[in-house]
Ligand code: ADP
Ligand code: MG
């Protein structure tokens, strides 16, 4: 295992439910510490660009509408095995299938409004971090 960085987003439903603090506490209790954080209200273009891999999926329009309906908290989380650890702490995409105690089991409304995003591989983590944060801050060696 190695120290990694991953991208996390507290989605609009998480912000609306006033659980930003609880979610960040849960990450920190799991060894995932924010090293970068911004609260932003995504434009349609920013949300479409971020989720471009899903543009052919039937739920794409709904996803973009949801992700732009209010502010989100975008974070770079750092820790041992951060990419996989974050996915574990988040729980399954569908909260009905998420393990007890995971963020999605605790707070998500449904498969769409599922409270958090997390990068699914180290390669995508690097791309997603670059999408929201400058190289100077997070990739000083590059
Ligand atoms: P994850 O966020 O767990 O990596 P995906 O990458 O498959 O899941 O999907 C991205 C996001 O698209 C999900 O987190 C969820 O907000 C939304 N989504 C996925 N599947 C559906 C679906 N069947 N209906 C509505 N929204 C969905
Ligand atoms: Mg995904």
If you average the C-alpha positions of the stretch 79-127 and of the stretch 37-57 separately, how far apart do those two centres end up, in angstrom?
17 Å
Average Cα contact separation per residue, the stretch 1-78, under 8 Å, 6 or more apart, as relative contact order %:
56 percent
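Could you please rank 130, 104, placing first whichever residue has the fewest other Cβ atoms within 10 Å of its Cβ?
Numbers: 130 14, 104 24.
Going from sparsest to densest Cβ surroundings: 130, 104.
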What percent does the relative contact order of the chain come to when contacts are Cα pairs within less than 8 Å and at least six residues apart?
36 percent
Based on the alpha carbon coordinates of the stretch 1-69, what radius of gyration and maximum Cα-Cα distance (Dmax) apply, in Å?
14.1, 37
Residue order, fewest to most surrounding Cβ atoms within 10 angstrom, among 16, 56, 78:
56, 16, 78
Rg ratio (alpha-carbon, reference 2.2 N^0.38 Å) - the chain
0.98
GNM result for the chain, Cα springs below 10 Å: residue of 86, 114, 94 fluctuating most strongly
94
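Going by C-beta contacts inside 10 Å, put 128, 100 in order with the fewest on the left. Mind dumping the intermediate values first?
Details: 128 22, 100 7.
Least to most surrounded, the residues fall as 100, 128.
Checking the a/c ratio against 1.5 first, then a/b against b/c, what shape does the Cα gyration tensor give for the stretch 36-76? It would help to have the intermediate numbers written out before the result.
Working: a/c = 2.60, a/b = 1.77, b/c = 1.47.
It comes out prolate by the Cα gyration axes.
Laboratory data are not the source of any read-out in this text; all were calculated from the coordinates shown. Model, not experiment: these values are computed from the prediction. Cβ atoms come from the backbone with ideal geometry, glycine included; neighbour counts cover every protein chain shown.
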